[in-house]
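Okay, so here's the structure we're looking at.
The values are calculated or read from the model by the stated rules, or taken from the named source; none is laboratory data. Since this is a predicted model, take the numbers as computed values, not measurements. With ideal geometry, Cβ positions are generated from the backbone for all residues, glycine too; neighbour counts draw on all protein chains shown.
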Amino acid sequence: MSPEIIGVLGILALIVLFLLRVPVAISLMLVGFLGTGIIRGFDIAVIQSGRTAFDTASSYTLSVIPLFILMGMILSYSGMGGDLFKAVDSWMGHFKGGLAMATIGTSAIFSSISGSLNATTVTVGKITLPEMEKYNYKPSLSTACVAAGGTLGVLIPPSVVLVLYGILTREPIGQLLIAGIIPGIVQISLFILTILLLILRDPSLAPVRVGKVSLGQKLRTLIKIWPFIAIFSMSIGGIYLGVFTPTEAAAIGAASSLLFAGITRKIDFNRLKKSFNETVQLTAYIFLILTGATLFSQFLTISRIPVSITTYVGTLDMNPYIILILILFVLFLLGCFIDGLSILVLTLPIIYPIISDLGFNGVWFGIIMVIITNIGALTPPLGVGVYDVKGVVPHVPLETIFKGILPMVGAMVATIVILVMFPNLVTLLPDLMKK
């Protein structure tokens, strides 16, 4: 068989393994090793596997991942989720639909802390859903806000997914993190606008909550979340101003969160131990995926599939934006069945060269890609965000949650359309960064 046919069979085998729920890292390593062995010989595959594992584990650039994860875990275990909701709710809760908007705001901030869609959805859901139920919010709206809010972590820095995209494509990680800020604000704004339009059409979705909070009370709620504001401003602001590299910023963030935990005593020894344990587990999981992704990418390279596809696309007499739309449609379909991280490692070796050859900005495409793949977290049959919400409120029918989330999916699609029409919204801040 030709290398191209072996490559196609390898891709199909990988998709089958993903659908069978074989761990992503194992699937990538297995296909990458066997594919390389068939094409180049198994002695070379063995050597390549060992070298790739060592290079991944010893990479200075990759140290940004465990440091950002540790920062998020410590802040998450400090119980900041409840404080965040109280702060956002005090400023927005008295508006019609204010609790739903506060849920979006809380999710946006908490997801940037935790970096995990599942952790954000479950934590914020446990805090906000009982509160919205207390004030007679319709389940279709309340659950939709929690599920949609959990997806914001892929945009708002520090986003581990964008870090992984940068590692896989060699795009500047600092620019990717900063690039997600304005699109994140756009998506939050569209979520809130969607809530307002839904309530305007059906006022019974969100009754008005009686009572306002005084300005003094509002300001006091901000005092409790000052550590997050300070840590975020210092680490992400340092990247933007060129004071820190992303790795240094992650180290500053992790050390600051540890210092915060010690000074405020908002986290005991057992929770601190859990935060370290989960950091190690999640880091090991991601590093295994990166090792497997590298092996799989090397296999695709020697199979010549990326070059062949790029060359073929280059011969097509089509508008680049038509090709982009086709790529995004394929990514959307994959997102309905495969999680976003798996899609990144599966497709980037093939589609990134095409995107570059078409003249699109790699940082811009990274933002578009993480949004489109994250839609799958809200749509059946995968819909992990929806199932997380269902776990928090088991009495709400799954059909109600999926039906309620559709307008939020529309808001995410609208975000992509806006970013395609106005790419400067993504590239503005990275272009202004101090190099």
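For the range 194-217, the set of residues classified as in contact with a helix residue (DSSP H, G or I) (Cβ under 8 Å, 6 or more places away or on another chain), part of a helix (DSSP H, G or I) and surrounded by 15 or more Cβ atoms within 10 Å (Cβ to Cβ) consists of T194, I195, L198, I199, L205, listed by residue number.
Screening the range 394-408 for residues that are among the β-branched types (V, I, T) and surrounded by 20 or more Cβ atoms within 10 Å (Cβ to Cβ) and picking the one that is nearest to M132 (Cα to Cα) gives I401. A single entry from T291, T310 fulfils the requirement of being assigned to a helix (DSSP H, G or I), of a type in the set (S, T, N, Q) and modelled with pLDDT of 85 or more: T291.
Residues checked against (1) hydrophobic (A, V, I, L, M, F, W, C); (2) crowded, with 24+ Cβ neighbours inside 10 Å; (3) at pLDDT 85 or above; (4) at positive phi:
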| residue | (1), (2), (3), (4) |
| --- | --- |
| I44 | yes, no, yes, no |
| I47 | yes, no, yes, no |
| R51 | no, no, yes, no |
| T56 | no, no, no, no |
| P66 | no, no, yes, no |
| M71 | yes, yes, no, no |
| I74 | yes, yes, no, no |
| S78 | no, no, no, no |
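Within the range 126-147, residues that are closer than 15 Å to D89 by Cα reach partners that are part of a helix (DSSP H, G or I) and among the charged types (D, E, K, R) with beta carbons closer than 8 Å, at six or more positions or on different chains, in the pairs E131/D89; S142/E133.
Being in contact (Cβ under 8 Å) with a residue 40 or more places away in the chain and under 22 Å from the mean Cα position of the chain (by Cα) is the filter; apply it to the range 83-106 and report the residue that is surrounded by the fewest Cβ atoms within 10 Å (Cβ to Cβ). Checked the range 83-106; the qualifying residue surrounded by the fewest Cβ atoms within 10 Å (Cβ to Cβ) is G105.
I need a count of the residues in the range 244-278 that are basic (K, R) and either closer than 17 Å to P157 by Cα or touching a residue at least 24 places away in the same chain (Cβ under 8 Å) (or both). Give the derivation first.
As a first pass, look at the range 244-278 and keep what is basic (K, R): 265-266, 271, 273-274.
Adding the requirement that they be either closer than 17 Å to P157 by Cα or touching a residue at least 24 places away in the same chain (Cβ under 8 Å) (or both) leaves 266, 271, 274.
Residues that pass the stated criteria total 3.
Identify, please: which residue in the range 170-182 is of a type in the set (V, I, T) and surrounded by 22 or more Cβ atoms within 10 Å (Cβ to Cβ) and is, among those, farthest from V64 (Cα to Cα)?
I178
Within the range 353-363, being closer than 11 Å to L324 by Cβ and either under 15 Å from the mean Cα position of the chain (by Cα) or among the small types (G, A, S) (or both) holds for one residue alone: G359.
Within the range 365-377, does at least one residue satisfy the condition of being aromatic (F, W, Y) and either touching a Gly at 6+ places or on another chain (Cβ under 8 Å) or surrounded by fewer than 23 Cβ atoms within 10 Å (Cβ to Cβ) (or both)?
Scanning the range 365-377, I find no residue that is aromatic (F, W, Y) and either touching a Gly at 6+ places or on another chain (Cβ under 8 Å) or surrounded by fewer than 23 Cβ atoms within 10 Å (Cβ to Cβ) (or both), so the answer is no.
With Y285, Y321 as the choices, which residue is touching a helix residue (DSSP H, G or I) at 6+ places or on another chain (Cβ under 9 Å), within 21 Å of T56 (Cα to Cα), touching a residue at least 24 places away in the same chain (Cβ under 8 Å) and surrounded by fewer than 17 Cβ atoms within 10 Å (Cβ to Cβ)? Matching residue, one of Y285, Y321: Y285. Pick from the range 224-282 the residues that are on the phi < 0 side of the Ramachandran plot, outside any helix (DSSP H, G or I) and charged (D, E, K, R): which of them is surrounded by the most Cβ atoms within 10 Å (Cβ to Cβ)? Looking at residues that are on the phi < 0 side of the Ramachandran plot, outside any helix (DSSP H, G or I) and charged (D, E, K, R), I get K266.
Based on this model, can you work out whether I185 counts as buried (at least 20 other Cβ atoms within 10 Å of the Cβ) and modelled with pLDDT of 80 or more?
Numbers: buried (at least 20 other Cβ atoms within 10 Å of the Cβ): no; modelled with pLDDT of 80 or more: yes.
Spelling it out, it is not the case that I185 is buried (at least 20 other Cβ atoms within 10 Å of the Cβ) and modelled with pLDDT of 80 or more.
On the stretch given as the range 1-29, residues that are buried (at least 18 other Cβ atoms within 10 Å of the Cβ) and over 24 Å from T311 (Cβ atoms) total 7. Applying the criterion of being of a type in the set (S, T, N, Q) and not in a helix (DSSP H, G or I) to the residues of the range 128-176, the residue that is modelled with the highest pLDDT is N136.
Only one of I323, I350 is modelled with pLDDT of 85 or more, more than 25 Å from G37 (Cβ to Cβ) and of a type in the set (A, V, I, L, M). Can you tell me which? Reasoning before the result, please.
Details: I350 fails: more than 25 Å from G37 (Cβ to Cβ).
Selected residue: I323, the only one of I323, I350 that is modelled with pLDDT of 85 or more, more than 25 Å from G37 (Cβ to Cβ) and of a type in the set (A, V, I, L, M).
Name the residues in the range 410-435 that are surrounded by 15 or more Cβ atoms within 10 Å (Cβ to Cβ) and without any contact (Cβ under 8 Å) to a residue 60 or more places away in the chain, would you? The one that is surrounded by 15 or more Cβ atoms within 10 Å (Cβ to Cβ) and without any contact (Cβ under 8 Å) to a residue 60 or more places away in the chain: V413.
Condition test on G184, is it free of Cβ contacts under 8 Å to residues at least 24 places away in the same chain and of a type outside the set (A, V, I, L, M)? So G184 fails the test.
If you filter the range 324-351 down to residues that are touching a Phe, Trp or Tyr at 6+ places or on another chain (Cβ under 8 Å) and part of a helix (DSSP H, G or I), you find that the one that is surrounded by the fewest Cβ atoms within 10 Å (Cβ to Cβ) is L324. Restricting the range 177-193 to residues that are of a type in the set (G, A, S) and part of a helix (DSSP H, G or I), the residue that is nearest to A100 (Cα to Cα) is S189. Consider only pairs whose beta carbons are under 6 Å apart and that are at least six residues apart or on different chains; among these, list those whose first residue lies in the range 325-349 and is free of Cβ contacts under 8 Å to residues at least 60 places away in the same chain and whose second residue is β-branched (V, I, T) and part of a helix (DSSP H, G or I). Here the result reads I327/I351; L331/I372; L331/T373; F332/I372; L334/I343; G335/T373; G335/I375; I343/T373, each pair linking the range 325-349 to a residue that is β-branched (V, I, T) and part of a helix (DSSP H, G or I).
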